[in-house]
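Structure first, commentary second.
The values are calculated or read from the model by the stated rules, or taken from the named source; none is laboratory data. Computed from a prediction, not measured in an experiment: that's the story for all the values here. Backbone-built Cβ (ideal geometry, glycine too); neighbour counts: all protein chains shown. Calculation scope for accessible area: heavy atoms of the full protein, side chains included, ligands and nucleic acids excluded. Shrake-Rupley method; radii C 1.70, N 1.55, O 1.52, S 1.80 Å.
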Amino acid sequence: GVTLIARAFKDYTIQDLRGLSDDIKAEHKNVAMVFAAQNGEKVTFLVSLTDDLLDKGYHAGKMIKQIAAAAGGGGGGKADMAQAGAKDPSKIKDAFAVAESLL
């Protein structure tokens with residue numbers, strides 16, 4: 001019953017990703033978002049969860065560690081939102097596959 005939105009963007013900032021996440025959270029339930037912003041050879045990941053998923057035991061900070069590791073990175077954060085950096089843009093799809101397996 002959880003919808004995963006996994007999307008990669010070029011030349012987006014972390015603020016852009018957070019704004020997109022906030023817009024989706026305002027209108028939807030049961031959504032896990034995993035966004036990747038590629039800027040040159042760097043990748044920033046954002047995991048954001050709607051509040052109802054927190055009640056089900058999901059934790060963005062724990063998820064992001066495994067997701068970013070798939071692309072050679074690391075990070076952390078709170079239960080509802082977390083971010084991480086990574087060094088290998090070619091591994092974004094691998095990171096999305098990890099996100100899918102976690103749900």
What pairs come up if the first residue lies in the range 7-22 and is closer than 19 Å to Ala99 by Cβ, the second is among the basic types (Lys, Arg) and surrounded by 15 or more Cβ atoms within 10 Å (Cβ to Cβ), and their beta carbons are under 6 Å apart, counting only those six or more places apart or on different chains?
none
Name the residue, out of Asp88, Asp94, Asp52, that is charged (D, E, K, R), in contact with a Lys or Arg (Cβ under 6 Å, 6 or more places away or on another chain) and open to solvent by 30 Å² or more (accessible area, probe 1.4 Å).
Asp52
Which ones in the range 1-49 are closer than 21 Å to Ala70 by Cβ and of a type in the set (D, E, K, R)?
Arg7, Lys10, Glu41, Lys42
From Val43, Val98, grab the single residue that is out of contact with any Asp or Glu (no Cβ under 6 Å at 6 or more places or on another chain), among the β-branched types (Val, Ile, Thr) and either at pLDDT below 95 or part of a helix (DSSP H, G or I) (or both).
Val98
Within the range 29-40, restricting to residues that are in a strand (DSSP E or B) and without any contact (Cβ under 8 Å) to a residue 60 or more places away in the chain, the one that is farthest from Phe96 (Cα to Cα) is Asn39
Which members of the range 16-49 meet the condition of being surrounded by fewer than 17 Cβ atoms within 10 Å (Cβ to Cβ), touching a helix residue (DSSP H, G or I) at 6+ places or on another chain (Cβ under 7 Å) and among the aliphatic types (A, V, I, L, M)?
none
Where Gln83 falls short, out of the listed (1) touching a residue at least 60 places away in the same chain (Cβ under 8 Å); (2) out of contact with any Leu (no Cβ under 6 Å at 6 or more places or on another chain); (3) open to solvent by 10 Å² or more (accessible area, probe 1.4 Å); (4) assigned to a strand (DSSP E or B):
(2)
